[in-house]
Structure formats: C-alpha cells, structure tokens
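The values are calculated or read from the model by the stated rules, or taken from the named source; none is laboratory data. For clarity, every value in this text was computed on a predicted model and none was experimentally measured. Here the Cβ positions follow ideal geometry from the backbone for every residue, glycine too, while neighbour counts run over all protein chains shown.
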Amino acid sequence: MPATIPITRPCVGEEEAEAAAAVVRSGWLSQGERVNDFEQAVAKYVGARYAVATSNCTTALHLALIAAGVGPGDEVICPSFSFIATANAIRHAGAVPIFVDIDPRSYNIDAEDVERAITPRTRAIMPVDQIGLAADIPSVCALAARHGLRVVEDAAPALGATVAGRRVGQLSDFTCFSFHPRKSITTGEGGVITTDDADAADRLRRLRSHAASTSDLWRHESGTTEFEVYAELGYNCRMTDIQAAIGIVQMHRLDSILAERRRVAERYSELLCDHDRLQVPFEPPKYQHTYQSYCIRLVGGSAIRAEVMRALADEGIATRKGVMAIHLEPYYRALAPELHLPVTERASAETMLLPLYAGMTDAEQCSVVDALLRALR
C-alpha cells in the first residue's frame, strides 16, 4: 500500500504538461531548440559559461570525466558516502574509484583524506554535494590545482546550493546536476554538465551524440548536405525536447521551490533539535543547503533505525535509510575488500531520511514528527 505521506513528491502541474504537449505537437522531439533553451537557463542561473544537457546525471558524470582526461588505469578520488552512480561513472570511464572518508557533520568529502589518497595515477577528484549541501569545493579545488588534477563535482541534488554567495555550478572544472524526480526540480530524467571551458563544452556536445561533428538541429537549420564525421568513440546521452520543455518551466519555479523546502527543513529542525537521541542536519556558515532530503542521525546504529522506520511505515509514513557506503556494496567490496572508512560506515548505519517536499503541509509534518518521537520513546 502506498504511504499516506511519501518520501518526496515532484512539484509539477498543468504548465509542465502543456509545455511537453507543445513539443509533441511541434514534431521535433529530441535534442532541439528546447534543449538549447534549457541549457542556457541553467548556465545563466548558476553563473557558468556553458551547460550541456544529457540523458541523466550518471551519463553527465561519465562524459565529464572523459572531457577531464580520465581514462583506463587512472584513479579518481571520491567519497564512498554517496549514491552508487558516483563510483559507477568512474568505472564507466575505465578508471578506478579511490574512496575516502567524510566529515562527520556535513557528510561531505574530507579534504585532508583526499590529499593523503593522491598518487601518481590520480587524474581527478569527484566531490559529492551530499543531500544538497555543497562540499568544501574551495579546498578541493585548491588541492587539485596544487597537484595538477581536475575537479568533476557530483552536484546531483545541489542545484541552487551556494558557497559564500557563489552558486554551485561555477566552482569546479565540471559540475553535474540531476533532474530525477527526487531532486528539487525535475525533467523526469535528465542531467546537465556546467563548465567554463569552451573546448570541453564543444566536445561534450559531440560525445553525447555518438561524437558526431555536427548536430541534427544544425543540419536541419543550415540546410546543408554536408555529412557529419565521427572522430572518436561517442555515446548516446541525448536529452529530449520533451524533458527540456518541462525543465524550462521548472527553472522558473526553482527559487520558490527551494524556499519552500528550506521552510519545511527549518521547521523540522525546530521541532527535533532538542531530542537527545537524534541529530538534525548541519549547515556550515556561508553555505546554503537545498535539502533534497531531510537527513537525521539516530544515535545507536542500524538496529534502532530499522525499528523506527518500521514504526513510521506502520503509520503510513515513508522513510529511507541514509546514504549508502559504496565500498561495502558487493561489487566494490570485491575490488577493495580490506578498505575501512569508519566515519562513512557509521554515518551510513545511523542516518535516515524523512519526507520533505514543496507543498508539504504543517499537518503532514506534525504527523511525521509525532510518529518519529513515539517510535523513539
């Protein structure tokens, strides 16, 4: 039976439906003008020179790694505390993920652990903006510059997040966003890479479409009979105009959605901050969280978390366990069976996500809090 209060709910309506229908009626459904318009909207919003849309954030990460020069045999340093797509994208590029530990309060990559992990084979660092809170990108970028490395930022849930007033998307060599329905705004599926590197942006546009030297849209608009050339191995990672049209509408909603998510998150913190058996999310000074989810920490480990989650499920309230420790998943455990990351492993065992979405009512939120406190008692 579906939960009465879901873990999330996309904020979409008739305007998105009409935008998608207009694309269907136009007859041009993929990688056309709407995609270009969506890319420009994202680039302008984050303050980057270029944005390149892709089919999802995993393909965005994969293509960004290739554009960053990552290839077979290289090492890419990343946190284990993330969704598995972070490491999978590194493997798709032929490289080896080198997992490092996290800060115990922000749950983001520990820059000191990154420095200890750098070897002659390291080619890039992939920080993750976990749950919508930007990592310590200034420190990571400074470290990368000292060692001649590239930074490919996994900002899947962090569109709209800021560091010292600067938006995520303009801080790293490459920044990758997700538009999955779990994120603040959605295109159903979809991703975007932002960068200030003109040559890299051109290459990314080719790579996402089988590495063709010209796009279908360009050939259509130019009326030329020139044939495209395929100079390298490419991929099929195109975004559709249907997705992009929805995304354009969603971009207009983004700031209001983020404000509403923050309101709900701050109310959670007010209601829960004095409870001695849980910790509420941490937001460092000069950082602005997007709150893809509201992540609490239950003191005592995974057994208590399981009991609490079952109790809330019995009351029709959806929850999710916290972020995984990728290095403990079977595929990656086989690659590094002895790896131990104590901060990551404890955070993965003790964290839990509560329902949070734009439009969540105070009554729904009170139901979640009351059920949680009953379970903890």
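In the list ARG310, ARG377, which residue meets the criterion of being more than 27 Å from THR162 (Cα to Cα) and modelled with pLDDT under 95?
Answer to the check: ARG377.
What do you reckon, is ASP101 in contact with a helix residue (DSSP H, G or I) (Cβ under 7 Å, 6 or more places away or on another chain) and of a type in the set (D, E, K, R)?
It is true that ASP101 is in contact with a helix residue (DSSP H, G or I) (Cβ under 7 Å, 6 or more places away or on another chain) and of a type in the set (D, E, K, R).
Before we move on, is LEU341 surrounded by fewer than 22 Cβ atoms within 10 Å (Cβ to Cβ) and touching a residue at least 12 places away in the same chain (Cβ under 8 Å)?
no
Here is a list: ILE118, ILE102. Which entry is in contact with a Phe, Trp or Tyr (Cβ under 6 Å, 6 or more places away or on another chain), hydrophobic (A, V, I, L, M, F, W, C) and at pLDDT 95 or above?
Within the list ILE118, ILE102, the selection yields ILE102.
What are the residues in the range 34-57 that are surrounded by 24 or more Cβ atoms within 10 Å (Cβ to Cβ) and either in contact with a helix residue (DSSP H, G or I) (Cβ under 6 Å, 6 or more places away or on another chain) or of a type in the set (S, T, N, Q) (or both), if any?
Residues satisfying the conditions are ARG34, VAL35, PHE38, ALA51, VAL52, ALA53, THR54.
Might you check whether a residue that is in a strand (DSSP E or B), among the polar types (S, T, N, Q) and either touching a Leu at 6+ places or on another chain (Cβ under 8 Å) or without any contact (Cβ under 8 Å) to a residue 24 or more places away in the chain (or both) occurs anywhere in the range 52-65?
Yes.
Those residues that are crowded, with 24+ Cβ neighbours inside 10 Å, part of a helix (DSSP H, G or I) and of a type outside the set (S, T, N, Q), I need them from the range 110-130; list them, please.
Correct list: VAL114 only.
Please enumerate the residues belonging to the range 263-295 that are among the basic types (Lys, Arg) and either farther than 20 Å from ARG167 by Cα or buried (at least 19 other Cβ atoms within 10 Å of the Cβ) (or both).
ARG267, ARG277
Is it true that GLY69 is in contact with a strand residue (DSSP E or B) (Cβ under 7 Å, 6 or more places away or on another chain), more than 23 Å from MET324 (Cβ to Cβ) and in contact (Cβ under 8 Å) with a residue 12 or more places away in the chain?
It is true that GLY69 is in contact with a strand residue (DSSP E or B) (Cβ under 7 Å, 6 or more places away or on another chain), more than 23 Å from MET324 (Cβ to Cβ) and in contact (Cβ under 8 Å) with a residue 12 or more places away in the chain.
Could you go through the range 197-215 and let me know if any residue there is closer than 16 Å to ALA89 by Cα and part of a strand (DSSP E or B).
For the range 197-215, residues closer than 16 Å to ALA89 by Cα and part of a strand (DSSP E or B): absent.
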